[in-house]
4 protein chains.
Amino acid sequence: MIEDWDLFLFPYEQAAKEWKDKLRGIRNEYQSRNQQSPIEFVTSRIKAIDSIQEKMKRRQITSDRLSEDMEDICGLRIMCPFLDDIYTVVEILRKRNDISIISERDYVNNEKESGYRSYHIVFSYSLQLVDGTRQILVEIQIRTLAMNFWATLEHSLNYKHGDTFPTEIHTRLQKASEKAFQLDEEMSQIRHELEKSNPATPTEQEEH
Amino acid sequence: MIEDWDLFLFPYEQAAKEWKDKLRGIRNEYQSRNQQSPIEFVTSRIKAIDSIQEKMKRRQITSDRLSEDMEDICGLRIMCPFLDDIYTVVEILRKRNDISIISERDYVNNEKESGYRSYHIVFSYSLQLVDGTRQILVEIQIRTLAMNFWATLEHSLNYKHGDTFPTEIHTRLQKASEKAFQLDEEMSQIRHELEKSNPATPTEQEEH
Amino acid sequence: MIEDWDLFLFPYEQAAKEWKDKLRGIRNEYQSRNQQSPIEFVTSRIKAIDSIQEKMKRRQITSDRLSEDMEDICGLRIMCPFLDDIYTVVEILRKRNDISIISERDYVNNEKESGYRSYHIVFSYSLQLVDGTRQILVEIQIRTLAMNFWATLEHSLNYKHGDTFPTEIHTRLQKASEKAFQLDEEMSQIRHELEKSNPATPTEQEEH
Amino acid sequence: MIEDWDLFLFPYEQAAKEWKDKLRGIRNEYQSRNQQSPIEFVTSRIKAIDSIQEKMKRRQITSDRLSEDMEDICGLRIMCPFLDDIYTVVEILRKRNDISIISERDYVNNEKESGYRSYHIVFSYSLQLVDGTRQILVEIQIRTLAMNFWATLEHSLNYKHGDTFPTEIHTRLQKASEKAFQLDEEMSQIRHELEKSNPATPTEQEEH
């Protein structure tokens, strides 16, 4: 039994803050060099207490194994403009020496049955606390803006109408995901063709 | 001639901060009521000085008319999950009594030639300064996540490869915008069908 | 009985965010004009639920009168460098036309029995919500850095050792408050003397 | 010659963000354990470009040695409630294994000629950039609220009236600093006496 959730969750909240800064720093570094960033924006969330409890029950995770066995208490999400950018970000993360990667799952090319696409990385991070160091698991989901569009809307429908959709809706959502993915591929192709014919002459930037 | 840009831009920066808070407040209000928000996220930007100068030249706007004649120095952007949400947000803004709406343009149903879609509202806001009140023009762009996907990538290609694309690329971008819009319509339809058959039984939320 | 505290507290949280921005905006406005700001920094807090409940009991405030009768649910604090700055800030607030001031208490010149000094202003603010406008009470405490030093430490001792100090400690705290106030007066005098002999030739700024 | 200051300053800005989070994390960790934090608040600043240039001239630092020879480009400041807290924070920093301390200066007990008091620590921090790791110098100033009161006001007078005060003013500022320090000592003594007679029974917290 976790008796004091504030106390339990503090290191995850701290890790989420530090990583939001680090990932946004990657975007800012590209911008400081006047280069286009493979990261469009970054969000973070701490898993809600009732979601943790529900998952503990479902996966039979005990309190004393919670920190080791639940990988997504501290979650970050990176949204990339183009499809290729996902793998650029993966490479950047692999080269960092302040983390140790535990697992990677490529749901970009191997989408889930629902149609969900993203690249998932779980790593262990040495968080400095007042009394010493603590290993914290962090999950990062990397996806394009198009994948994020689909996942956000599917989640929203899910949230309001329950986990299981009628078969017909289920199929339509899969198809919508497929079409979003085709859009990603088309935009990537356009980028590559422009790059071939016209190597980089930036005009004025005006970004929201 | 604007002699001190920091001084000139300060009220726009202040208005942008206040409005980012106000618009995020709408999202938080829905969440505090456990309802799904028509606003997914909000960004703001102040127009870059060289963009202001370039637009002054292009539109022949003089310094003394700058505050009245350039409507997008203070810009905010609202990203909505579903197509209908755009018009919900427009209604919420129309009902506010702390602004006076100057113009509205519906580029959602009347997309620009490039394929660009968004709903634009320009309003005047009474900003309180130390020495009194000042009317500031604010432009808000409201769009779906799918429209934002397309606009972000098109802007990115634009930035790197110049304002005018080869005709073939131009046509492909228009088609991609059309497909993104069809995805928005399909997701809206799915939402309406689920709503008809199954009025609102929320399950657990887990949001990034 | 308040049944849903999240729902009850949302407007106060929103008002606190908007006012933190507005008050920090005053500081930024001075800085944009290269003038020294009467505001050093701003903090905000929402009254903790158990503090609200304790005060309801103590003052016999019922749930249906809570929004009208408890004035400090939404609280902001302005820290000023110099003593005079407090009254400059009071004047700035009095001139604003987006609030209606309900009460002012000058605990700067009429300190509380404990030694506490600050200037308190309570006003009513028209908060825009999705369904219309709502009047929210906001309390602003204005104090110097020296008053804040004393109040922070007294609060800290209070928090750890209970509300009532032994008489000897009580007297020593009163005296410490008096000495902090004398320091404020001395620093103000130095400022005025420098101003008389040497009207404003700023050197380079280097501010944390 | 530094040609691109944005590019040069980016790593310092990133380090400042990461360290602001880390230091605020120490405060939050104490609060999550319901203990009083030795850190009241944290600020950060990047040295202004003209201040860097002025210091390069004054200390004869060349561009290619700037990162090694100027220690305060990335600066953080920790404000502590009580005098003892300064040394608690110093101990916490010494124990961290993500930094390597380069120098420490105790201007708390050995105040500068002006009356300035603070504890300064300079350390080297391994910042992760896209292309690898970079050692960044970070300066942290640790001081009480009373020391911060004095330093803020002295800086403010300095800024407006030039670096050198008339002798009489200089002496009065030294005396004010001395009195502020006596207040720190008195408050510490009160804390210790309360602690002896009454070991820790926290009442309700209400913090801004």
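The values are calculated or read from the model by the stated rules, or taken from the named source; none is laboratory data. Source: prediction; values computed, not measured. Please note: Cβ atoms are built from the backbone with ideal geometry, for glycine as well, and neighbour counts cover all protein chains shown. Ligands, DNA and RNA are excluded from the accessible area calculation, which covers all protein heavy atoms including side chains. Shrake-Rupley method; radii C 1.70, N 1.55, O 1.52, S 1.80 Å.
Which value, in debye to the nearest 20, gives the size of the charge dipole of chain D about its Cα centre, when Lys and Arg are +1 and Asp and Glu are -1 at the Cβ?
140 debye
What are the extents of the Cα atoms of the range C:44-95 along their three principal axes, listed from largest to smallest and rounded to whole Å?
Over the range C:44-95, Cα extents along the principal axes are 38, 21, 15 Å.
Could you sort A:22, B:17 by accessible area so the largest value comes first, with the probe set to 1.4 Å?
Heavy-atom accessible area, descending, gives B:17, A:22.
I'd like the accessible area for residue D:111, computed on protein heavy atoms only with a 1.4 Å probe and all protein chains in place. Round to 10 Å², please.
80 Å²
So what's the back-of-envelope 222 nm ellipticity for chain B, counting only DSSP H runs of four-plus at -39500 (n - 2.57) apiece and dividing by all residues, rounded to 500?
-17000 deg cm²/dmol
I need the Debye-formula profile for the range D:112-163: one equal scatterer per C-alpha, no solvent, reported as log10 I(q)/I(0) at q = 0.13 1/Å, two decimals.
-0.51
For residue B:41, what residues show an amide H to amide H distance below 5 Å, using hydrogens built from the backbone and excluding near sequence neighbours?
B:79
For the range B:11-59, which residues drop by 50 square angstrom or more in accessible area between the chain on its own and all protein chains together (1.4 Å probe)?
B:21, B:29, B:32, B:36, B:45
Let me see the pair-distance distribution of the range C:5-152: every alpha carbon pair, 5 Å bin width, integer percents in order.
P(r) over the range C:5-152, rounded to whole percents: 2, 9, 18, 21, 20, 15, 10, 4, 1, 0.
Shortest first, in nm, what separates the label point of residue B:48 from those of the same position in the other copies (7 Å along Cα→Cβ)?
Ordered by distance, the counterparts are at 2.5, 4.0, 4.8 nm.
May I ask which residue of chain C has the beta-carbon nearest to the axis carrying chain C onto chain D, and at what distance in whole Å?
C:149, 3
Run the label-point distances for residue B:134 please: 7 Å along Cα to Cβ, every other copy, nanometres, shortest first.
Values, ascending and in nm: 3.2, 3.6, 4.8.
Between copies, how far does the label point of residue A:104 sit from its twins, in nm, shortest first, when each point is 7 Å from Cα along Cα→Cβ?
Inter-copy label distances (nm, one decimal, shortest first): 4.2, 4.9, 6.5.
Using Cα pairs closer than 8 Å and at least 6 residues apart in sequence, work out the relative contact order for chain A, in percent.
Values: 264 pairs, mean separation 38.0, N = 208.
Contact order relative to length: 18 percent.
Tell me the Kirkwood hydrodynamic radius of the protein assembly as shown in angstroms, computed as one over the mean inverse distance between distinct C-alpha pairs.
Radius from the Kirkwood sum: 29.6 Å.
Given that compact globular proteins tend to follow 2.2 N^0.38 Å, what is the ratio of the alpha-carbon Rg of the range C:117-199 to that value?
It is 1.63.
Would you mind checking the radius of gyration and Dmax of the range D:153-197 based on alpha-carbon positions, in Å?
Cα only, the range D:153-197: 15.7, 49 Å (Rg, Dmax).
What are the GluC sites (Glu not before Pro) within the range C:1-98 that DSSP puts in a loop, where the Cβ has at most 12 other Cβ atoms within 10 Å?
Answer in residue order: C:3.
Strictly over 24 Å apart at the Cα level, which of B:57/B:179; C:17/C:112; D:47/D:112; C:22/C:47; C:196/D:175; C:95/D:47 would you flag in this model?
B:57/B:179; C:17/C:112; C:95/D:47
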